[in-house]
1. Give the accessible surface of the chain per residue, rounded to a whole number of Å², with probe radius 1.4 Å and ligands, DNA and RNA excluded.
2. Between beta-carbons, use under 9 Å as the cut-off and find the net charge around residue 131, counting Lys and Arg +1, Asp and Glu -1.
3. For residue 138, list the lysines whose Cα falls under 17 Å from its own Cα; do not include residues on the same chain fewer than 8 positions away.
4. Under a plain spin-label model, where a point goes 7 Å from the Cα along Cα-to-Cβ, how far apart in nm are residue 32 and residue 52?
5. Each residue of the stretch 216-231 in turn: what ³J(HN,Hα) in whole Hz from Karplus with 6.51, -1.76, 1.60 and θ = phi - 60°, glycine and Pro shown as x?
6. Students often get this wrong: which residues of the stretch 28-42 have the backbone nitrogen under 11 Å from the point 7 angstrom along Cα-to-C-beta of residue 234?
7. Who wins for biggest fluctuation among 28, 55, 202 in a Gaussian network model of the chain, springs between alpha carbons below 10 Å?
8. For the stretch 122-201 and the stretch 208-234, what is the centre-to-centre distance using only Cα atoms, to the nearest Å?
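The values are calculated or read from the model by the stated rules, or taken from the named source; none is laboratory data. Predicted model only: the values in this text are computed from it and were never measured. Because the Cβ atoms are built from the backbone with ideal geometry, glycine has one as well, and the counts that use them run over all protein chains shown. With ligands, DNA and RNA removed, areas are computed over all heavy atoms of the protein, side chains included. Shrake-Rupley method; radii C 1.70, N 1.55, O 1.52, S 1.80 Å.
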Amino acid sequence: MSPRPLLCVASLFGMGLCASTLLAADAAPPVVTPGVQGAPPSDAVVLFDGKDLSAWKSGDGTAPQWTVRDGYFEVGKGNLMTREEFGPIQLHIEWASPAEVKGEGQGRGNSGVYFQGRYEIQVLDSYQNPTYSNGQAKAFYGFSAPLVNASRKPGEWQTYDIVFHPPQAGADGKVTPGSFTVFHNGVLVQDHIPVSGDATTAAQFKGLTPKGPLLLQDHGNPVRYRNVWVRKLK
Ligand code: MG
């Protein structure tokens with residue numbers, strides 16, 4: 001239904017211009033029941049509720065070889081990706097790098113969240129662990145360093161809340177960039193960063209797509225994940 005103007009506010013100069021338009025109550029947004037303390041809201045697609053990996057498969061399409069225990073799952077052999085494919089989404093995911101610190105730089109608690117299997121928001125133990133700035137945790141890997149480093153200590157649970165819009169090709173072939181907005185532990189770290197069509201370091205997936213899987217990276221480090229859900233956006 002198209003919005004119906006209810007009220008026009010006259011300008012200070014008496015020109016009678018519409019400065020704002022209030023929308024009718026029947027144009028009200030859908031009701032969503034929010035979750036408590038990171039729990040999924042009522043319109044979310046739950047990708048991991050602490051029990052099993054039924055929403056996931058290995059990067060090669062076979063059964064997941066990652067371990068589920070005590071309400072979380074841990075990086076195992078091969079990448080993990082969702083069975084369902086997504087366009088624009090809001091993602092909530094919680095992760096923890098290993099409590100026992102091993103390695104340094106990119107070798108310490110490395111994993112990653114790839115949107116549409118292509119565009120990586122880095123997962124890394126970035127607590128007192130220097131590396132190149134657009135490769136640390138919550139970087140748009142290889143393209144955008146985070147605004148600040150809000151990392152918690154190794155072994156502590158951390159949250160990502162991410163809004164992703166994919167780049168899109170128009171009928172004329174011209175690409176409209178997408179975007180990333182990222183909160184790390186509630187702190188804004190990527191502020192509506194553009195995502196171009198070739199802004200990927202992924203090997204398996206290339207090119208523009210309306211929908212693609214969410215993929216978690218096996219980088220050889222036992223990073224843990226829990227409480228994973230998305231909301232589909234338009
Ligand atoms: Mg990574």
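1. Details: 12210 Å² over 234 residues.
For the chain, the per-residue accessible area is 52 Å².
2. Details: positive: 108; negative: 104.
Summing Lys and Arg as +1 and Asp and Glu as -1 gives 0.
3. 153
4. 2.8 nm
5. 10, 8, 8, 10, x, 10, x, 6, 10, 10, 7, 6, 10, 8, 10, 10
6. So the set is 29-30.
7. 28
8. Between the Cα centre of the stretch 122-201 and that of the stretch 208-234, the gap is 13 Å.
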